[in-house]
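Student: Structure provided below as structure tokens; questions to follow.
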Amino acid sequence: MNKKLTGRYFALWLFAMVVFAGPVKALQVSDLYEAEVPVAGQDAAQRAEAISHALVQVLVKVTGHRGIGSRSELAPELRNASRYVQQYRYRLLDTPAAELAPAAGEETAEAVPAEPQRMLQVSFDSAAVNGMLRGLGLPVWGENRPGGLVWIGIEQNGKRQLLNPDADNGELSERIATGARSRGLPVIFPLMDLEDQANMGVADLWGDFESTIRNASQRYSPDLIMTGKLMRIAQGHWRSSWRLYHGDQVSSWEDQASDKESLTETAMQRVADLLSERFAPLGADFSMNRVRIRVDGVVDLQDYASLGRFFQSQSAVEKVELIAVEPDAMTYDLHTRGGTQVLQQGLDLGGLLIAAKSATPLDLSVEQGIDLYYRLR
């Protein structure tokens with residue numbers, strides 16, 4: 001350590017070493033290593049096949065890439081997917097009764113109970129899965145994910161309205177949530193209470209008025225904002241227009257399908273593709289790198305502890321070393337995988353840190369080696 005820790009700074013350092021292991025207040029996805037898949041039966045071969053399919057689902061969520069299961073280097077791991085299983089259990093789904101045609105002389109059909117669908121719920125060992133991916137040079141996108149706020153507008157029969165998940169039948173919002181869940185993305189919907197109705201009108205969404213959309217979304221503190229306009233053109237023909245606001249970046253695209261539910265599910269897959277390329281790019285250098293970071297605004301034990309837990313929650317960070325302590329700033333060496341850009345993408349999430357201009361540390365020996373400057377919000 002380049003600066004001797006004395007007095008209250010030593011106490012600060014010692015306290016942080018204890019509380020670093022605690023939870024971090026950030027948006028996290030808790031089920032990345034869990035999957036549920038249909039299974040034909042309970043014998044070993046049927047179970048092994050289902051576990052392989054479940055591992056593919058998990059790998060899609062963990063890496064962020066929906067085509068990851070087709071990569072040749074993963075084929076041996078998928079054939080032996082059971083080695084990564086932590087636990088599994090079976091579950092039966094109730095299925096609607098099937099109706100037989102009415103027999104001669106009968107007026108009504110007879111309902112016949114259908115065979116329940118058997119499902120296999122599988123939990124995988126996160127450390128083993130992550131180690132396997134890193135060993136193959138594939139990305140691991142950690143539990144800290146960008147949280148998205150979704151505004152949806154619907155136009156049909158000459159009327160436009162904003163989607164209210166509590167007021168509609170829930171099918172459209174559920175399809176959005178299902179699509180997001182399959183890729184490990186946390187999403188929320190606006191409450192559409194009086195405050196939302198005052199801040200955001202359907203005309204604002206249809207006009208893509210960015211400042212209004214961003215201002216109306218501030219109460220939810222999202223990492224990204226997704227807007228969609230779904231328009232019924234004719235029977236069985238829907239068209240959509242989408243925008244994704246992520247920091248200063250804006251992505252937009254259009255699509256069409258036979259129903260609005262398919263449009264929303266496809267849109268979530270598109271969003272996940274865009275985000276995975278930013279946070280967990282395939283082909284990135286996942287060798288170990290050192291990134292030195294200085295954070296201003298660390299004034300008490302709570303700030304210090306929160307910062308330490310935040311660093312350790314980053315999937316790109318393998319090791320955290322405290323390098324220098326100042327009255328209101330800390331300098332760390334973060335040993336990371338994926339490069340500085342991947343690390344920065346993660347640090348920008350959660351609202352804890354904001355990029356800052358360079359400043360001269362009290363310990364001048366570390367100044368030349370600092371790669372990133374941040375401050376606590």
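Student: Looking at Val140, is it aliphatic (A, V, I, L, M), modelled with pLDDT of 90 or more and in a strand (DSSP E or B)?
Tutor: So Val140 does not fit the description; no.
Student: Right, here's the next one. Of Asn157, Asn130, which residue is in contact (Cβ under 8 Å) with a residue 60 or more places away in the chain and within 20 Å of the chain's Cα centre (by Cα)? Quick ask: steps written out before the conclusion?
Tutor: Details: Asn157 fails: within 20 Å of the chain's Cα centre (by Cα).
Only one candidate passes the filter, namely Asn130.
Student: Here is a further query. Is it the case that some residue within segment 331-340 is aromatic (Phe, Trp, Tyr) and assigned to a strand (DSSP E or B)? Before you say what the answer is, go through the steps one by one.
Tutor: Filtering segment 331-340 down to residues aromatic (Phe, Trp, Tyr) leaves 332.
Keeping just the survivors that are assigned to a strand (DSSP E or B) gives 332.
Yes, that holds for at least one residue.
Student: Which condition number in (1) small (Gly, Ala, Ser); (2) touching a Gly at 6+ places or on another chain (Cβ under 6 Å); (3) crowded, with 21+ Cβ neighbours inside 10 Å is the one that Gly346 fails?
Tutor: Exception for Gly346: condition (2).
Student: Now, a different point. Among the residues of segment 296-313, how many are in contact (Cβ under 8 Å) with a residue 40 or more places away in the chain and in a helix (DSSP H, G or I)?
Tutor: Step one: of segment 296-313, the residues in contact (Cβ under 8 Å) with a residue 40 or more places away in the chain are 296-298, 301, 303-310, 312-313.
Those still in the list that are in a helix (DSSP H, G or I) too: 301, 303-310, 312.
The total comes to 10.
Student: Since Ile293 meets every condition but one in (1) in the same structural domain as Lys229 (by TED's automatic domain parsing); (2) touching a residue at least 24 places away in the same chain (Cβ under 8 Å), which condition does it not meet?
Tutor: (1)
Student: I need the full set of residues from segment 314-330 which are outside any strand (DSSP E or B) and surrounded by 20 or more Cβ atoms within 10 Å (Cβ to Cβ), in order please. Break it down stepwise before answering.
Tutor: Quick first cut of segment 314-330, residues outside any strand (DSSP E or B) only: 314-316, 327-328.
Across segment 314-330, the qualifying residues are Gln314, Ser315, Ala316.
Student: Does Asp248 satisfy being in contact with a Ser or Thr (Cβ under 9 Å, 6 or more places away or on another chain), within 27 Å of Gly350 (Cα to Cα) and exposed (fewer than 15 other Cβ atoms within 10 Å of the Cβ)? Let's see the steps before the verdict.
Tutor: Values: in contact with a Ser or Thr (Cβ under 9 Å, 6 or more places away or on another chain): no; within 27 Å of Gly350 (Cα to Cα): yes; exposed (fewer than 15 other Cβ atoms within 10 Å of the Cβ): yes.
No, not satisfied.
Student: Whether any residue in segment 220-242 is assigned to a helix (DSSP H, G or I) and either within 28 Å of Gly158 (Cβ to Cβ) or not small (Gly, Ala, Ser) (or both) is what I want to check.
Tutor: Filtering segment 220-242 down to residues assigned to a helix (DSSP H, G or I) leaves 220.
Then drop every residue that is not either within 28 Å of Gly158 (Cβ to Cβ) or not small (Gly, Ala, Ser) (or both), which leaves 220.
Taking every residue of segment 220-242 in turn, at least one turns out to be assigned to a helix (DSSP H, G or I) and either within 28 Å of Gly158 (Cβ to Cβ) or not small (Gly, Ala, Ser) (or both).
The values are calculated or read from the model by the stated rules, or taken from the named source; none is laboratory data. Given the structure is predicted, the values throughout are model-derived calculations rather than measurements. All Cβ positions, glycine included, derive from the backbone under ideal geometry; neighbour counts span all protein chains shown.
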